[in-house]
Amino acid sequence: MVYRLAILIFGFGSLAAMAQPVRVSTTQHFDFALGGTIRMKDSFGSLTVEGWDQPGVELTVVKSLHFGSESGQKGTQHLDAIRVAAERGSGTELTISTSRPKRILNVTLEYRIRAPRGSHFVINHGSGDVSLTGMTGDIEVTSRRGDIVLMLPELASYSIDAHTRFGLVTSDLAAAARRKLSPGENLTQGGTAASHRLVVRVRYGGIAIKELPREAVTPSEL
């Protein structure tokens, strides 16, 4: 009986150890001019962008292995092989690029970005959800698979062109023109007179465009 109990305890201990995924989180801050351009290249996983009233960019990247993957040093090496690099092109441009070896597929990434509200975002995303909240600059998003949610405080100032090949486009825009392209959908609003552009493309997934109340846009602090 004692022998069986020891085996059970050892088994539960092994399962508990396996259930602890390897997870690494890093945060970086960058000086960044107001109204500059931020480019996301080859990102994948969850990408969240929040507008704030600070003259800089905060980038947090969380890398984790899927349940049941390697643990310990080998797991850490897998995470280290996924590289997220930020490069300053000039005082008004920041490029955040992601690279990973083809053999590593069991890693999940989460990007959390806080940037000046008026920043111009150009996002080239793979698989995973994308959300932008409280931004007021030009936005261009291309994604292969996943949902895209945009919560913006000044929708009337945008010319909008949102298209999904397989999915739906929902919005708070009563005057927007909607065209059903079964199984996809296209939504447009405004023209050349608009002060900002919103261009969204997703192959497999939905697009939600929501009006963010002005009172919900509050200053953030570092």
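Values as computed for the structure displayed
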quantity: Single unsatisfied condition, Val107 versus (1) of a type in the set (A, V, I, L, M); (2) modelled with pLDDT of 95 or more; (3) more than 11 Å from the chain's Cα centre (by Cα); calculated: (2)
quantity: Among residues of the stretch 74-92, those that are exposed (fewer than 11 other Cβ atoms within 10 Å of the Cβ), at pLDDT 85 or above and outside any strand (DSSP E or B), counted; calculated: 1
quantity: Within the stretch 153-162, tally of residues that are in contact with a Leu (Cβ under 8 Å, 6 or more places away or on another chain) and either crowded, with 19+ Cβ neighbours inside 10 Å or not charged (D, E, K, R) (or both); calculated: 6
quantity: All positions within the stretch 28-59 that are closer than 20 Å to His125 by Cα and loosely packed, with under 15 Cβ neighbours inside 10 Å; calculated: Asp42
quantity: Residues (over 22 Å from Ser143 (Cα atoms) and either in contact with a Leu (Cβ under 7 Å, 6 or more places away or on another chain) or assigned to a strand (DSSP E or B) (or both)) located in the stretch 46-63; calculated: Trp52, Gln54, Pro55, Gly56, Val57, Glu58
quantity: Ser119 vs. criteria modelled with pLDDT of 95 or more and closer than 17 Å to Trp52 by Cα; calculated: yes
quantity: Sole residue being surrounded by fewer than 17 Cβ atoms within 10 Å (Cβ to Cβ) and under 17 Å from the mean Cα position of the chain (by Cα), chosen from Thr133, Thr95, Thr170; calculated: Thr95
quantity: Residue match in the stretch 64-73 (condition: at pLDDT 85 or above, more than 20 Å from Gly128 (Cβ to Cβ) and assigned to a loop (DSSP other than H, G, I, E, B)); calculated: no
quantity: Test set (1) at pLDDT 95 or above; (2) in contact with a helix residue (DSSP H, G or I) (Cβ under 9 Å, 6 or more places away or on another chain); (3) outside any strand (DSSP E or B) - Met135 fails condition number; calculated: (2)
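The values are calculated or read from the model by the stated rules, or taken from the named source; none is laboratory data. Since we're looking at a predicted model, the values are computed, not measured. For neighbour counting, all protein chains shown are included, and Cβ atoms are generated from backbone atoms with ideal geometry for every residue, glycine included.
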